[in-house]
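Notes follow once the structure below has been shown.
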Amino acid sequence: MIVVYIIVGVVALIAAGWVFRAAGRATGRPAFRDMDLSTAFGYALGAVVVVWGIYAFFFVEAAVFFRWAVQGIIGFAIAAWIFRFIGRHVGPDSVRRQFRAMPLTASFGILTILIYAIVAIFAGVLAPHGQAEVFANVNVLPGGDPALGGDPAFPLGTDQIGRDLLSRLIYGAQNTVGIAFATTVLAFLLGGTLGFLAATVGGWLDNLLSRMVDVLMAIPSLIFALLLMTIASAWAGSEKWLLTVYMVVIIAVIDSTRVYRLARAVGSSIVVMDYIEAAKLRGEGMGYLIFREILPNATAPLLAEFGLRFCFVFLTIASLSFLGVGIQPPLADWGTMVRDLSQFINFAAFSPLTAALPLMAAGAIALLTVAVNFVVDWMLHRSSGLKG
Amino acid sequence: MNDNAPLLKIRDLRIEGRSDETWLPIVNGIDLDLHRGEVLGLIGESGAGKSTVGLAAMGFTRDGCRISGGSVVFDGQDLVSASADAKRALLGKRIAYVAQSAAASFNPAHKIIDQHTEAPVTHDVMDKAESQADAMELYAKLRLPNPDEIGFRYPHQVSGGQLQRAMTAMAMSCRPDLIVFDEPTTALDVTTQIEVLAAIRRIVDEFDTAAIYITHDLAVVAQMADRIKVLLKGDEVETADTRTMLAHPTEDYTKSLWAVRSFARPVKPAVAEGSVPLVSVRGITAAYGKVDVLRDVSFDMHTGRTVAVVGESGSGKSTVARCITGLLPPRSGMVEFDGTPLPADYRKRTKDQLRQIQMIYQMADTALNPKTRIGDIIGRPVEFYMGLKGRAKRARVNDLLNQIELDPDQYYHRLPSELSGGQKQRVGIARALAAEPRFIICDEVTSALDQLVAEGILKLLARLQDELGLTYMFITHDLATVKAIADEVVVMKDGKVVEQGGKAEMFRPPHHPYTDLLLSSVPEMDPDWLTDLLAERGADNLGDAAIDKM
């Protein structure tokens, strides 16, 4: 029966698209004249989805999360637009020129990253309580309304041993983002240097390094990281901070293989350039070649990769924490928060706000990932010189 | 249909290109008429908008460009306002396009003949078998070797000149009324260029096809076109019949284009007997892997003189340069500098030995680091070799910039991308000069430049030689450049020196047959040159065939 509905729906959409195109053609615009039916079908489908969305937003009582998502997206878009507007009219000329050619997605990404950075740096000031502070009020519900089991002192409530969730969410930015950033930088120092070295020297060094990297890349990275973390936790013993250092090093080494691949590929297309040959014939040393001639020309792809890699590292840390071998308690961390609060999702039907708790930590991860990718896309677009 | 109506009629064509947020004009109102069977030459330096006009004749613009006004009427149909479907029905069938680089335009994953048959089959002109038979016939007409078999090869399996002819055959596959040729021979050697030119002319005559021939080489356009239109920065300078245009150009700009080829240096006195050559190449044999690319190459270069090394691509002339600089240590033989042997590998040479030999590259785009400012590009060798820092370095760089006729205040902080091609090449020269060398290798330094700009570079090099007593090794395939600047000439073929001597004797018969072929293949401004040459050589005795006979 459902198949019949789908077929009828598709046929109706195609018919709607055809009518739309025919109506458009009657106006004589060239855009309609060269339009094929699949494009017209797409417009019809889009229109139906938009109408359905508006209906759900205003008239479907249960679509609480949908409503929040729509409000969130509109809110973010407005914030990004205002941010871009300010950027276009305030500040030095070079910055203003950047903002003038910026799409809304990129300004949203930059704004979000800025906010995360501020929250992470000033977590100690912004958070109402300490991240490891334990209160007597256990399992306070979010919302801050005493009638519904909340407490104004804990706007997002407390967890099962009485720690303030808002504070932990804020400190999570510091821990998760800070550690991910350190790890990514380490991965780039390692992979980038070796990659450029392999590209410049070539020969047996290139072969040796590349084969070693191949071996490391052949092992599934998350499983490999888990395995190494198990070994590391035995080494670290009771020193919890040492385990965090081990984690940074392990993830950095595993991720540096990807960076190495990119740096070597980019580097080897640069070393064949005549200006490298000119520098070699001048008698320049390896350091000058790599850092003064190759690196400035490789920054665009490396920077783009940095953004992507940062997201992957960030997700790996969150995954490891979710599995219990990442960032160790009592340090607050978004991955661990998702795991600890995951049971609350069952309350979605009764208290949407409570069910949103694990989603907040997950959403913080998702939001940063999306923001970083928007910025990376924009930078890639600029460095590749694509138009339109 | 009225036979007198032009096949293609372009009126007040305006094209704009997108730059950041604004649209800048590229073509400002060009008119053009093209009748059946007529060949129109479009010439101008790069940036003149000639390719843009050529593409617009097919109702097409590059990404980031748009036709902002005017009309392109092909056989009564306006291509500017035509629908995509209507254009699709015309393109490939009645209008065809031959691009500059056939190697880049063929799909490397399909056989040549499969790409050839695509258009006729799609447009229902012929079925596949007919089209294949027709392709072989066209290949034979274009004098491709083994016409029955060559189409079944992949593009990388045939030479550049053959590929360019195959592309012309492909454009002919539907017997179009109009073909746009966009610099079809610019990337080819002189000897190969002849074959392609002859082939294009023959086939255009035979099928009475109208053509737009875009090039920056005046001598080539003189052979091909019935009429010539000169463009400058998107404006028309003048239009006239080829013979009128060559004999009596009216506009100053056209006259300056015509005058470029007149640059020549005074002949220097002969080298004194027994003087020690500055650079002496002694019996060099070199190989990439197992393949010998140089066999027993020897020649001398004396102080203050220019030695031109000529030959077509693959003749090993650039490899000689790599041996002299030490990038490719030769298998046997050696290079002497001022009477003392140089270590074969550049890594074993002293800083001073490296300083004495500098290089200027063909592509200034890849020879200058795009992320380094001009002042730093030139300043680096100053600092590296002379140990100058701070103000002294800045002063030296300013001197060098003045020497290459660029204003230091204006150019010191610029990036290479903010310079024109000729200016970039000048910076490349300044970087070489900064090392205060005695010997400079110029590897095809003018071949990527427009003729007017190239002339400026040649004059600059000549002046610097007079002022600084430099010795040049000038690698080129352009014999006009050789005539202009060389004192001695070394002709290379297949990794061997075929002939060498002073310029005067080289350009005077008798020649080695290969030198003769090279010399006679350089297009001349005379519109009858190609016709006469073909008659003289006999139609079958062109390029490939002629070389094989040696």
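The values are calculated or read from the model by the stated rules, or taken from the named source; none is laboratory data. What you see is a predicted model, and the numbers here were worked out from it, not measured in a lab. Positions of Cβ are generated from backbone atoms using ideal geometry, with glycine treated the same way; all protein chains shown enter the neighbour counts. Accessible surface areas use protein heavy atoms only, side chains included; no ligands, DNA or RNA. Shrake-Rupley method; radii C 1.70, N 1.55, O 1.52, S 1.80 Å.
On a 20 Å Cα-Cα criterion, which of the cross-link pairs B:Lys93/B:Lys229; B:Lys290/B:Lys317; B:Lys317/B:Lys483; B:Lys348/B:Lys424 come out too long?
Cα-Cα > 20 Å for B:Lys93/B:Lys229; B:Lys348/B:Lys424; rest within.
Ordering A:Trp204, A:Trp18, A:Trp68 by accessible area with a probe of 1.4 Å, largest first, what comes out?
Correct descending sequence by accessible area is A:Trp204, A:Trp18, A:Trp68.
How large, in percent, is the carbon and sulfur part of the accessible surface of segment B:279-508 at a probe radius of 1.4 Å?
47
For the pairing of chain B with chain A, what total accessible surface becomes buried, with a 1.4 angstrom probe, in square angstrom to the nearest 100?
Buried area (both sides, nearest 100 Å²): 2000 Å².
What ranking do B:350-361, B:172-183 get when scored by the average of other Cβ atoms within 10 Å per residue, highest first?
The most tightly packed comes first, giving B:172-183, B:350-361.
Restricting to the protein assembly as shown, what percent of DSSP beta bridges are antiparallel, rounded to 5?
Taking every DSSP beta bridge within the protein assembly as shown, about 55 percent pair in antiparallel fashion.
Just checking the output field for B:360-367: average partner chain Cβ neighbours within 10 Å of each residue's Cβ?
For peptide B:360-367, the averaged partner shielding equals 4.
Hey, what's segment B:330-479 come to in accessible area per residue, 1.4 Å probe, Å²?
40
For segment A:165-384, just say rounded, prolate or oblate: build the C-alpha gyration tensor, square-root its eigenvalues into a ≥ b ≥ c, call rounded for a/c under 1.5, and beyond that prolate if a/b exceeds b/c, oblate if not.
Prolate, because a/c is 1.5 or more and a/b exceeds b/c.
Do any residues of segment A:260-283 show a loss of at least 40 square angstrom of accessible area between the isolated chain and the full protein assembly, using a 1.4 Å probe, and if so which?
By number: A:Asp274, A:Tyr275, A:Glu277, A:Lys280, A:Leu281, A:Arg282.
Shape verdict for segment A:1-60, please, from the Cα gyration tensor: rounded (a/c under 1.5), prolate (a/b greater than b/c) or oblate.
Verdict is oblate for segment A:1-60.
For segment A:1-60, what does the accessible surface come to per residue with a 1.4 Å probe? Please give it in Å².
Ligands and nucleic acids excluded, the figure is 74 Å² per residue.
Apply the membrane-span-like helix rule to chain B: whole DSSP H runs, Cα extent along the own long axis of at least 30 Å, mean Kyte-Doolittle hydropathy at least -0.5. List the helices found.
Membrane-span-like by this criterion, though nothing is claimed about a membrane: none.
Count, for each residue of B:82-95, the Cβ atoms from other chains sitting within 10 Å of its Cβ, then give me the mean as a whole number.
Average per residue, whole number: 1.
Mind running the shape call on segment B:299-418? Use the C-alpha gyration tensor, a ≥ b ≥ c as the square roots of the eigenvalues: rounded below 1.5 for a/c, prolate if a/b tops b/c, oblate otherwise.
Prolate.
About its Cα centre, what dipole magnitude does segment A:274-367 give when the only charges are +1 on Lys and Arg Cβ and -1 on Asp and Glu Cβ, stated in debye to the nearest 20?
Taking the Cα centre of segment A:274-367 as origin, the dipole is about 120 debye.
Please give the peptides B:314-320, A:48-54 ranked by average Cβ packing (other Cβ atoms within 10 Å per residue), highest first, as a rough proxy for protection.
Taking the mean over residues of other Cβ atoms within 10 Å, the ranking is B:314-320, A:48-54.
List the residues of segment A:295-319 that lose 40 Å² or more of accessible area once all protein chains are present, compared with their chain alone (1.4 Å probe, heavy atoms only, no ligands or nucleic acids).
When all protein chains are present, A:Asn297 each give up 40 Å² or more of accessible surface.
Mind checking which aspartates and glutamates have their Cα closer than 16 Å to the Cα of B:Lys141? Skip sequence neighbours fewer than 8 apart in that chain.
Answer for B:Lys141, where 16 Å is the Cα cut-off: B:Glu149, B:Glu195, B:Asp205, B:Glu206, B:Asp208, B:Asp540, B:Asp544, listed by chain and number.
Within chain B, what percent of beta bridges assigned by DSSP are antiparallel, to the nearest 5?
Restricted to chain B, the bridges split so that about 55 percent are antiparallel.
Roughly to the nearest percent, how much of the accessible area of segment A:130-212 is carbon and sulfur, given a 1.4 Å probe?
70
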